[in-house]
1. Within the range 43-56, can one find any residue that is within 12 Å of the ligand (Cβ to nearest atom) and at negative phi?
2. I'm told Asp8 meets every condition in (1) closer than 21 Å to Leu105 by Cβ; (2) within 16 Å of the ligand (Cβ to nearest atom) except one. Can you identify the failing condition by its number?
3. Could you tell me whether the range 201-219 includes any residue that is in contact (Cβ under 8 Å) with a residue 40 or more places away in the chain, basic (Lys, Arg) and crowded, with 23+ Cβ neighbours inside 10 Å?
4. Give just the number: which of (1) at pLDDT below 95; (2) within 18 Å of the chain's Cα centre (by Cα) does Pro241 not satisfy?
5. For the range 99-145, what are the residues that are away from the ligand (no atom under 13 Å from the Cβ), closer than 29 Å to Ala206 by Cβ and assigned to a strand (DSSP E or B)?
6. Take the conditions modelled with pLDDT of 95 or more and assigned to a helix (DSSP H, G or I) and apply them to Lys59. Does it pass?
7. Hey, among the residues in the range 63-98 that are within 16 Å of the ligand (Cβ to nearest atom) and among the charged types (D, E, K, R), which one's nearest to Lys118 (Cα to Cα)?
Amino acid sequence: MKIIITKDYEEMSAKAFDVMKEVVVNKPDAVLGLATGTTPLGLYAKMAEDHKANGTSYKNIKTVNLDEYAGLGIESDQSYVYFMRENLFRHLDIDLANVNIENGLAKDPEAECARYNKLLETMVPDIQLLGLGSNGHIAFNEPGTSFDSVTHVVQLTESTIKDNSRLFDDISQVPRSAFTMGLANIMAAKKILILANGANKAKAVAAMAYGDVTENIPASILQKHPNCTLIVDEAAAALLPQA
Ligand code: F6R
C-alpha cells in the first residue's frame, strides 16, 4: 500500500483529485468506482470545478457506487443515489444512463444483489474510491465480513448507525440495513484509492495499513491489493509508525 500523508483535508482532496483526473484523462471511457460519505466531498467539489473550468469530459465515463441504504430511493435526500446526483453527477456532463448504484427500493433484495454482482463482472472499476469507517469498514462491510463476500444486504452495526446519524435529523431515522458491494468485488478493482481524514479515523488507519490482515478490520484486506494508494491527513495518520 502506497501511503501519502497530507497536512489537511484540502491537500488530501487535491491529491486525490490528481489521481482521479489522471484516470479520466487517460481513459475517457473508464469505469469509476465511487463512494459516498463526508470524506470524498472535497474531491467531488474539485472534479466539478475542474469540469467547469477546463471542460474535462465525463461523457463516456461509467460509474459504479459501493452501497445504498435499504428502503431509500432517489426521492429521499438521505439516499446515496440522491447524494451522488447532488454532490457530483449534476455538476458533470456524465450520462445518467452510465451511472450505477444498488436499488435501495428493490422488492427482491437477493435478486438485486445478483443483478449488481453480474453488472460488476462486466464493469470492473479502473479505479475504486473508498472512505474508511472508524471501525475499519469499507463500503458497508462491517467487522467480521468474509473477505470472499460479494454484493449483499447487511445489518448495520451500532457504531456505523451512530457515525452516520450525524447526517440525519434523528438517529432513529438511520436505516438499519443496506446493500453493499462485498470485499471480493472491491478487491477486483484495477486500482484502489482510499482516503481518510480526522483524528477519529486514526486507529482504523493504523490497523488497516499496519495491523494483521483480519476480517475484524475489513479494510486490512487492502494490504493485499497490488495497486492501492492511501491518502490520509496528518490527524488520521497520527498513529502510523512513520508519522
Ligand atoms: C460510503 C461508504 C462508507 C464510508 C465510510 C466513511 O459509500 O461506503 O464505507 O466511506 O463510512 O464515511 P465518511 O466519509 O462519512 O467518514
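The values are calculated or read from the model by the stated rules, or taken from the named source; none is laboratory data. This one's a predicted model, so the numbers in the text were calculated from it and none came from an experiment. Note: ideal-geometry Cβ built from the backbone for every residue, glycine included; neighbour counts use all protein chains shown.
1. The first filter runs over the range 43-56 and keeps only residues within 12 Å of the ligand (Cβ to nearest atom), leaving 43-44.
Still in the running and at negative phi: 43-44.
Looking through the range 43-56, at least one residue is within 12 Å of the ligand (Cβ to nearest atom) and at negative phi.
2. For Asp8, the failing item is (1).
3. At the first step, the residues of the range 201-219 found to be in contact (Cβ under 8 Å) with a residue 40 or more places away in the chain are 201, 203-205, 207-209, 215-219.
Subsequent filtering for residues that are basic (Lys, Arg) retains 201, 203.
Filter again for crowded, with 23+ Cβ neighbours inside 10 Å, leaving 201.
Yes: one or more hits.
4. Going through (1) at pLDDT below 95; (2) within 18 Å of the chain's Cα centre (by Cα) one by one, Pro241 breaks only (2).
5. Just the residues of the range 99-145 that are away from the ligand (no atom under 13 Å from the Cβ), to begin with: 99-100, 103, 105-127, 144.
Narrowing further to those that are closer than 29 Å to Ala206 by Cβ: 125-127, 144.
Result: Ile127, single match.
6. Values: modelled with pLDDT of 95 or more: yes; assigned to a helix (DSSP H, G or I): no.
For Lys59, the condition - modelled with pLDDT of 95 or more and assigned to a helix (DSSP H, G or I) - is not met.
7. In this case the residue turns out to be Asp67.
Yes/no per residue for (1) out of contact with any Asp or Glu (no Cβ under 7 Å at 6 or more places or on another chain); (2) over 19 Å from Ile101 (Cβ atoms); (3) away from the ligand (no atom under 11 Å from the Cβ):
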| residue | (1), (2), (3) |
| --- | --- |
| Ser149 | yes, no, yes |
| Leu167 | yes, no, no |
| Ile171 | yes, yes, yes |
| Val174 | yes, no, yes |
| Leu183 | yes, no, yes |
| Lys203 | yes, yes, yes |
| Ile217 | yes, yes, yes |
